[in-house]
Amino acid sequence: MRTIEQRLHRLERNVIGQIVLVTLAIILWLAYSLLMPTLALRDQVRVVASQKGELHFQPGSDGPFVITHLCWKGGQDVAALTRPIAIIDSEGASQGKKELENLIWVDLDGAAVKPPPADEIVAIYYRAEWSKPPLAR
């Protein structure tokens with residue numbers, strides 16, 4: 001039979017172990033909370049309007065990103081790009097004023113609408129994956 005001192009010693013070890021586990025869980029949660037916004041920015045493409053009427057697409061990291069459509073962030077209007085824009089590195093890409101003027105903007109019903117202000121446009125894109133090279137024969 002165990003003595004009271006042995007039981008107390010075992011209880012103290014259990015409490016210390018639980019405190020260590022809770023502390024580690026809190027530290028991991030804090031690290032995750034602080035790192036996730038930073039990691040999420042890596043997969044974002046910001047759209048910056050220039051004074052000349054052009055749009056510049058700034059990726060959060062090296063690509064590859066493929067932009068297929070532009071969307072009005074204040075509504076649900078969308079325009080398909082004539083040719084998708086591939087962003088391979090962190091320099092990004094630009095869309096000229098002339099190309100932007102030629103885009104056809106439509107609403108949810110497919111009816112043509114006027115283009116939104118350039119500073120309210122966001123990009124619809126996906127992060128492309130590299131394909132494997134073909135096997136040598």
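Each reported figure results from applying straightforward, stated rules to the coordinates on display, with no laboratory input. Note that the structure is predicted; figures quoted are calculated from it, not measured. Neighbour counts run over all protein chains shown; Cβ positions are idealised from the backbone, glycine included.
Given points 7 Å out from each Cα along the Cα-Cβ axis, report the Ser61 to Gln6 separation in nanometres with one decimal.
Calculated label separation equals 5.5 nm.
Bins of 10 Å, beginning at zero and ending with the bin holding the largest distance: percent of Cα pairs per bin for the stretch 8-137, please.
Answer for the stretch 8-137: a P(r) of 11, 29, 22, 14, 11, 8, 5, 1 percent.
Label point 7 Å out from Tyr126 along Cα-to-Cβ: which residues of the stretch 52-74 have amide N under 16 Å?
Residues 64-70 qualify, since their backbone N sits under 16 Å from the label point.
By count of other Cβ within 10 Å, fewest leading, how are Val22, Val122 ordered?
Starting with the residue having the fewest Cβ neighbours, the order is Val22, Val122.
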